[in-house]
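The values are calculated or read from the model by the stated rules, or taken from the named source; none is laboratory data. The shown structure was predicted, so the numbers you read here are calculated from the model rather than taken from an experiment. Here Cβ is always computed from backbone atoms with ideal geometry, including for glycine, and neighbour counts include all displayed protein chains. Side chains included, ligands, DNA and RNA excluded: accessible areas come from the protein's heavy atoms. Shrake-Rupley method; radii C 1.70, N 1.55, O 1.52, S 1.80 Å.
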Amino acid sequence: MPTTDRLRDGLAREIGAERILSGPSVERTYESDAYNVDRSQPTVVVLPESTDEVAKVVRWCRREGIPFTARGAGTGLSGGAMPALGGVVISTKKLNRILEIDLPNRRMRAQAGVTNIALSKAVAAHGLHFAPDPSSQTVATLGGNIAENSGGPHTLKYGVTAPHILGLTLIDAEGEILELERGFGPDWIGMVVGSEGTLGVVTEAWVRLTPVPEHVETALACFGTVREASECVSAIISRGVLPAALEMMDRNILMALRAAFGLEFPDATQAMLLVECDGPREACRQEIEAVEQAFRDFGAITQQRARDAAERAKLWTARKKGVGAMGRLAPSVVTHDGVIPRSKLPEMLDAVYEIAARYQIGVANLFHAGDGNLHPCFYFDDRDPRQVEAVVAAGTEVIQKCIELGGSVTGEHGIGVEKLDLMGLMFSPGDLAYQARLKEIFGTNELCNPCKVLPNQRGCQEHRLRWRGVAT
Amino acid sequence: MSNHHDLEELTTHCIRCGFCLESCPTFKITGAEPESPRGRIYLVRGALEGKLPWQEIQEPLDHCLGCRACETACPSGVEYGAILELARERLGSKPATKALLTGLTNPGLAKIQFTLGRMLPGKRMPAALSRLIAGSPAEADLPRPQPTIPWPELDESKLPPVTGQVALVLGCVMRVLYDPVHTATKRLLRRVGLETVEIAAPCCGALHAHAGMLDEARTRAQQMAAAIPPGIPIVLNSAGCGSTMREYGFLDPGLSGIANRVRDLSEILLEHGMVEALREAQGFGGKRITYHDACHLAHGQKVTQPPRELLKAIPGAEFVEIDEADTCCGSAGIYNVVQPQMARALLERKWGHIAASGASLVSTGNPGCLAWIEQKSRETGQQIAVEHTAITLERAWG
Ligand SMILES: Cc1cc2nc3c(=O)[nH]c(=O)nc-3n(C[C@H](O)[C@H](O)[C@H](O)COP(=O)(O)OP(=O)(O)OC[C@H]3O[C@@H](n4cnc5c(N)ncnc54)[C@H](O)[C@@H]3O)c2cc1C
Ligand code: SF4
Ligand code: SF4
């Protein structure tokens with residue numbers, strides 16, 4: 001029997017034919033996530049509706065020796081949801097219910113496919129929200145946020161996803177249903193969060209609900225040099241202000257936003273800072289005034305403060321849609337992700353511009369300036385294999401530079417397949433072997449989201465060229 | 001073939017970020033990526049690059065509502081509506097869809113068909129015809145013309161002087177099914193000092209354009225343009241037509257001038273002081289009302305606030321928002337005829353939100369949405385009135 005039929009029929013017996021998608025249009029649309037460089041097609045896609053159904057699918061895959069990969073919204077930026085060795089994609093898009101809201105304990109239980117924003121909306125009337133806020137929050141799922149340990153502009157003050165996860169239901173690689181809680185003993189949850197779907201499939205989670213701040217102030221300033229803007233960031237923090245968000249956009253991002261949304265800024269601008277403070281009204285006002293003083297001290301060309309919620313939303317739309325706006329410049333964007341000490345930013349940006357120029361590809365930079373997380377975004381034409389190779393090579397140089405400056409390979413987008421080769425730059429072979437051992441605790445095997453995170457997995461090397469589309 | 005538009009070029013603006021996924025009604029219902037905007041664009045691109053055969057992408061494209069909610073969500077400015085129309089043109093339309101469109105968009109023919117339809121047992125489209133077009137049983141009742149409303153004569157002494165003229169496009173479906181909406185429209189325009197010139201050209205070409213019959217659409221657009229007097233604003237009270245007419249430049253660059261004069265009725269009324277005029281109206285003491293965004297108004301023309309501001313200005317009306325107000329109701333031109341099951345699923349979802357709001361009246365700005373949501377209202381015992389915004393506003397005067 002052809003493979004597709006075998007998988008479809010076998011899984012149909014487990015969870016019903018109507019939960020299974022297959023065929024050329026399915027293979028194509030699930031071949032990659034938002035990382036456009038590597039592609040690999042699934043044989044079938046399943047849309048289970050319960051923890052039990054996921055467990056059945058995983059057990060069946062295990063029995064039959066078929067690889068499986070979880071997928072939420074497919075907004076990942078490192079190829080995590082790409083089914084590297086084909087097989088089954090387990091989509092969480094039908095695991096989309098909020099199950100329990102426990103207001104007294106400020107927690108909520110939801111299925112993995114619920115979008116980040118839906119979590120916050122469900123409790124907005126009670127003045128609460130789910131604090132991690134990746135820019136992709138209108139679509140990215142809870143499961144994806146957990147797998148990538150996603151952050152967002154407000155991570156500076158509220159932390160990444162990990163501290164906001166209080167409990168998990170995980171189908172491990174053997175198909176066992178595990179209920180993980182915070183408590184004594186090893187930090188199981190901490191191990192699963194950020195493991196990029198390699199330890200199993202998360203079907204449900206208890207999330208922490210955080211009060212919406214009483215008051216918010218948002219201010220924006222344009223600077224004539226990246227150095228002034230960077231020094232201003234350091235000054236804000238060293239003066240004892242802890243903004244909720246502190247974002248920097250370089251000139252190229254601003255140009256894309258100008259083209260896309262008519263964003264206005266002075267022509268001499270090289271960098272823009274967006275700063276948000278929140279908390280009790282009076283404290284918040286003092287903080288934003290301190291920020292504005294810093295803007296002035298470091299020679300901001302212009303500055304403005306949002307007068308109301310509508311103006312604030314406008315300032316943020318520009319920031320949150322910055323990467324998307326680049327779609328107007330070229331068919332593909334690879335958003336890189338590295339971490340550097342804040343003080344090294346001017347040097348780092350010079351290096352990024354130099355590397356991009358050398359490889360003749362366009363680049364624009366977004367920077368979570370508060371925590372040193374830099375996103376250089378390369379824009380290029382993914383139909384041209386030479387450009388694809390150039391983007392990969394340039395990305396490697398960017399990350400090497402991050403490490404050279406004392407930073408790290410990823411802030412929040414994960415390793416996936418994108419950064420497999422770069423793991424060796426950060427970790428010794430001994431470290432990597434130890435990480436591989438860790439996976440075994442969860443009874444992991446070569447079927448659960450194979451070829452991700454850890455380099456040199458069996459059977460993966462020979463597939464690399466195929467993913468990269470240079471061996472079609 | 002419209003050679004001035006490069007379909008491939010249009011698809012390359014999609015960077016596959018996925019930001020559009022949750023705005024797409026068919027993706028929300030199915031959870032399946034081929035039924036999402038990102039998926040559909042990538043499929044079109046795949047077919048163009050020869051990665052998969054065109055017939056493999058027919059079904060996902062057939063399922064698309066053409067509601068363009070994805071355009072509103074997209075940060076990259078992807079022109080999905082244009083991609084869809086051009087891709088449908090490449091695929092060619094089914095003969096039965098063509099026949100249906102010819103009947104619908106010719107006012108004389110449509111009248112005969114609707115009348116014939118109502119003489120048949122049951123109210124639905126005959127099963128044989130439905131299967132021919134959709135391959136499954138019909139969900140949509142045959143539309144029936146709205147009975148005329150006996151408005152009293154306007155009292156000229158209480159009206160402001162006439163200060164200008166506007167051209168009102170009567171359209172095809174609208175004229176046959178919702179003639180009272182045109183009457184209400186003219187009365188409202190007069191209430192803010194505008195005189196109406198009626199444009200009787202048969203059809204604007206919208207339904208043809210959405211089905212990818214671009215040549216047919218272009219001919220109709222040119223006929224329409226020739227029938228409109230120069231200089232004055234062109235008013236539409238049908239969202240689908242307005243959206244296509246605003247984009248006439250896509251069909252024929254020579255028609256961009258006409259396109260720039262097109263306005264939705266709600267915009268014109270708001271600009272000419274309807275909010276102030278409504279202060280004199282008797283209003284609806286205590287009635288709770290809501291609004292459903294027609295896709296081609298909210299996403300196609302980006303008009304969302306003017307109708308709301310007008311409805312909120314009705315004395316005594318309590319305006320509430322429904323959840324997912326700007327999500328498609330499933331009517332989508334002829335979609336509820338060619339894709340009955342998906343259309344039904346969307347209607348049920350929409351109705352759930354309307355019922356939950358506690359409103360006793362829902363207004364909207366497009367004939368397709370009206371007929372479709374009205375049907376649900378009839379099925380549930382007509383507890384909630386479904387009206388064109390123009391009717392609601394005019395009824396504020398009693
Ligand atoms: C324009 C843009 C902006 C972005 N901005 C940010 C940002 O500000 N901060 C940030 O951190 N990220 C950002 N991202 C990256 C991405 O949105 C996040 O990583 C997000 O959390 C992924 O969620 P998803 O549902 O799309 O997951 P997917 O892409 O579907 O999957 C991501 C990984 O999670 C695994 N996975 C998914 N669901 C499960 C599950 N239920 N159980 C186990 N594993 C699972 C997959 O196997 C894969 O490895 C951005 C992406 C884009 C395109
Ligand atoms: S259509 Fe727009 S929002 Fe959707 S994936 Fe493409 S670029 Fe992103
Ligand atoms: S037009 Fe509507 S149905 Fe079609 S892809 Fe866009 S959002 Fe989905």
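A few points about this structure:
- Selection from segment B:5-35 of residues that are assigned to a loop (DSSP other than H, G, I, E, B), within 8 Å of chain A (Cβ to nearest Cβ) and without any contact (Cβ under 8 Å) to a residue 24 or more places away in the chain: B:GLY18, B:GLY31, B:ALA32
- Matching entry among B:ALA47, B:ALA96, B:ALA82 (being more than 9 Å from chain A (Cβ to nearest Cβ), over 26 Å from A:GLN137 (Cβ atoms) and modelled with pLDDT under 90): B:ALA96
- Among the residues of segment A:98-109, not a single one is in contact with a strand residue (DSSP E or B) (Cβ under 9 Å, 6 or more places away or on another chain) and within 11 Å of ligand 1 (Cβ to nearest atom).
- For segment B:11-20, the set of residues classified as touching a strand residue (DSSP E or B) at 6+ places or on another chain (Cβ under 9 Å) and either open to solvent by less than 20 Å² (accessible area, probe 1.4 Å) or under 10 Å from B:CYS70 (Cβ atoms) (or both) consists of B:THR12, B:ILE15, B:ARG16, listed by residue number.
- Any hit, segment A:96-111, residues being out of contact with any Pro (no Cβ under 6 Å at 6 or more places or on another chain), within 16 Å of ligand 2 (Cβ to nearest atom) and touching a residue at least 24 places away in the same chain (Cβ under 8 Å): no
- Looking only at segment B:25-66, residues that are hydroxyl-bearing (Ser, Thr, Tyr), open to solvent by less than 10 Å² (accessible area, probe 1.4 Å) and away from ligand 1 (no atom under 16 Å from the Cβ) come to 1 in all.
- Of everything listed in (1) within 13 Å of chain B (Cβ to nearest Cβ); (2) buried (at least 23 other Cβ atoms within 10 Å of the Cβ); (3) among the hydroxyl-bearing types (Ser, Thr, Tyr), the single unmet condition for A:THR155 is (1).
- Taken over segment A:437-467, the criterion of being at pLDDT 80 or above and of a type in the set (Val, Ile, Thr) is satisfied by A:VAL453 alone.
- When each of A:VAL212, A:VAL192, A:VAL216, A:VAL233 is tested for being touching a residue at least 40 places away in the same chain (Cβ under 8 Å), away from chain B (no Cβ under 14 Å), within 11 Å of ligand 1 (Cβ to nearest atom) and among the hydrophobic types (A, V, I, L, M, F, W, C), the lone residue that passes is A:VAL192.
- Checked against the criterion of being surrounded by fewer than 17 Cβ atoms within 10 Å (Cβ to Cβ), within 28 Å of the chain's Cα centre (by Cα) and either of a type outside the set (Val, Ile, Thr) or within 11 Å of another protein chain (Cβ to nearest Cβ) (or both), the candidates A:ASP52, A:ASP9, A:ASP5, A:ASP33 yield just one match: A:ASP52.
- The one condition from (1) modelled with pLDDT of 95 or more; (2) polar (S, T, N, Q); (3) within 16 Å of ligand 2 (Cβ to nearest atom) that A:THR69 does not meet is (3).
- Segment B:67-78, residues that are within 9 Å of chain A (Cβ to nearest Cβ) and open to solvent by less than 20 Å² (accessible area, probe 1.4 Å): B:PRO75, B:SER76, B:VAL78
- Long-range neighbours under 6 Å by Cβ, at least six apart or interchain, first residue within 7 Å of another protein chain (Cβ to nearest Cβ) within segment A:310-328, second small (Gly, Ala, Ser) and open to solvent by 40 Å² or more (accessible area, probe 1.4 Å): A:ARG328/A:ALA259
- Hey, A:LEU366 within 22 Å of the chain's Cα centre (by Cα) and either closer than 16 Å to A:VAL398 by Cβ or away from every other protein chain (no Cβ under 14 Å) (or both) or not: yes
- If you go through segment B:333-359 and keep only what is touching a Phe, Trp or Tyr at 6+ places or on another chain (Cβ under 6 Å) and among the charged types (D, E, K, R), you end up with nothing.
Residue by residue, here is whether (1) away from ligand 2 (no atom under 16 Å from the Cβ); (2) under 17 Å from A:SER136 (Cβ atoms); (3) aromatic (Phe, Trp, Tyr) holds:
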residue: B:CYS17; (1), (2), (3): no, yes, no
residue: B:LEU65; (1), (2), (3): no, no, no
residue: B:ALA73; (1), (2), (3): no, yes, no
residue: B:LEU86; (1), (2), (3): no, no, no
residue: B:GLU89; (1), (2), (3): yes, no, no
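- Screening A:GLU31, A:GLU27 for residues that are in contact with a Pro (Cβ under 8 Å, 6 or more places away or on another chain), among the charged types (D, E, K, R), in a loop (DSSP other than H, G, I, E, B) and not assigned by TED's automatic domain parsing to the domain that holds A:ARG383 leaves exactly one candidate, A:GLU31.
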